[in-house]
Protein chains: 6
Amino acid sequence: MPYISFETGSLNADVKRELIQKLTEVSVEVTGIPKEFFMVSIKEFPDHNVAVGGRTVAEIKVSQQ
Amino acid sequence: MPYISFETGSLNADVKRELIQKLTEVSVEVTGIPKEFFMVSIKEFPDHNVAVGGRTVAEIKVSQQ
Amino acid sequence: MPYISFETGSLNADVKRELIQKLTEVSVEVTGIPKEFFMVSIKEFPDHNVAVGGRTVAEIKVSQQ
Amino acid sequence: MPYISFETGSLNADVKRELIQKLTEVSVEVTGIPKEFFMVSIKEFPDHNVAVGGRTVAEIKVSQQ
Amino acid sequence: MPYISFETGSLNADVKRELIQKLTEVSVEVTGIPKEFFMVSIKEFPDHNVAVGGRTVAEIKVSQQ
Amino acid sequence: MPYISFETGSLNADVKRELIQKLTEVSVEVTGIPKEFFMVSIKEFPDHNVAVGGRTVAEIKVSQQ
């Protein structure tokens, strides 16, 4: 029973729906495990709650504008 | 120090309180580990963020009405 | 689709089987969500990898002998 | 910084490598977030540690032979 | 690529920023792994969703007033 | 009850003990939450199970030799 947890910033409804479809499809294709056994959970957290190398996603996004 | 994480859709306060009690009690009973060592965390996610077999919980609920 | 993750030290096969049964049953009873929607995962970690208040489970167990 | 956690039974090295590639690629394609920001972690647990509807993956696999 | 997940009640922005800095710094210092490889995610849950020994954080806070 | 989960490659016992101490201390210092409420769990995964930007930690380590 594979469980796919996708932690991210906030995403719109269409992106989430497509992500669930594509993550499930590609996992079925690669593992050969039947589709109905796959669980996917998308977990959205605020940009200032998540960081890489000590810089929050919020800070990274500002620096890329 | 067992840590029980319960990921779900949204639940009302009474259900959450009872779930915390019963999950803790049954875990103590089965493992023999003292109650004060148990941590429980209930994590609620929107129905369209969680899917099984590529169908979101929101879609499954609609199909069951 | 509730997902129950149970993080713990090592447990024997009988305890794990009973834990899966009882956690599922009590969750069905409290939430009213059908049994087939429940996923349970027992995750075993070494006692010296887990700590409470800065003391590892290994140290706590020694202090209780 | 999306973090993809893939919990499963044991997989061989080739399947894991392909899974990491395809999960990353499809997530980049759907979200538009640059590839270098994606972290993927494959977590393998024994079949008798994971259950759906109260039946372990080990029991499900036996029933499908 | 160490991933630090910090589950807690709600925290203010300054505390979160300092927590991300200090968790990253101390982890770099202890492990010797370069700073840019560290991901930190702070996950805030309501006090009545988290419990120890069957008592929610909300109940514990009330009992300490 | 803050829960700190530290996912990483394999670490030796001394590093794990120091990590548990320092993560707990710095979290107490920043949040003001009493030490005994903190749980820390170090989760070690094989280098070829974890990837950033589609490259496994094993591949990254080889490329840095």
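The values are calculated or read from the model by the stated rules, or taken from the named source; none is laboratory data. Please read all numbers here as calculations on a predicted model, not as lab measurements. In this analysis, Cβ positions are derived from the backbone assuming ideal geometry, glycine residues included, and neighbour counts consider all displayed protein chains. Surface areas here come from the heavy atoms of the whole protein model, side chains and all, with no ligands, DNA or RNA. Shrake-Rupley method; radii C 1.70, N 1.55, O 1.52, S 1.80 Å.
Brief remarks on what is shown
- Cβ neighbours within 10 Å from other chains - mean over C:7-19: 5
- Between D and A, accessible area buried - total, square angstrom, nearest 100, 1.4 angstrom probe: 2200
- Only protein heavy atoms count here; on that basis, with a 1.4 Å probe, F:Val26 has an accessible area of about 10 Å².
- A viscosity of 1.567 mPa s and a temperature of 4 °C, combined with the Kirkwood radius over C-alpha pairs in the Stokes-Einstein formula, give the protein assembly as shown a diffusion coefficient of 61 µm²/s.
- By DSSP, the beta bridges lying fully in chain D are antiparallel in about 25 percent of cases.
- Cβ-placed point charges (K, R +1; D, E -1), dipole of segment F:3-63 about Cα centre in debye, nearest 20: 80
- Solvent-accessible area, 1.4 Å probe, carbon plus sulfur percent, for chain C: 52
- Solvent-accessible area per residue for the protein assembly as shown (1.4 angstrom probe, square angstrom): 42
- Across the identical copies, how the C:Lys61 labels are spaced - nm, sorted shortest first, 7 Å along Cα→Cβ: 2.7, 2.7, 3.5, 4.2, 4.5
- With only the Cα atoms considered, segment D:3-63 has a convex hull volume of 106 Å³ per residue.
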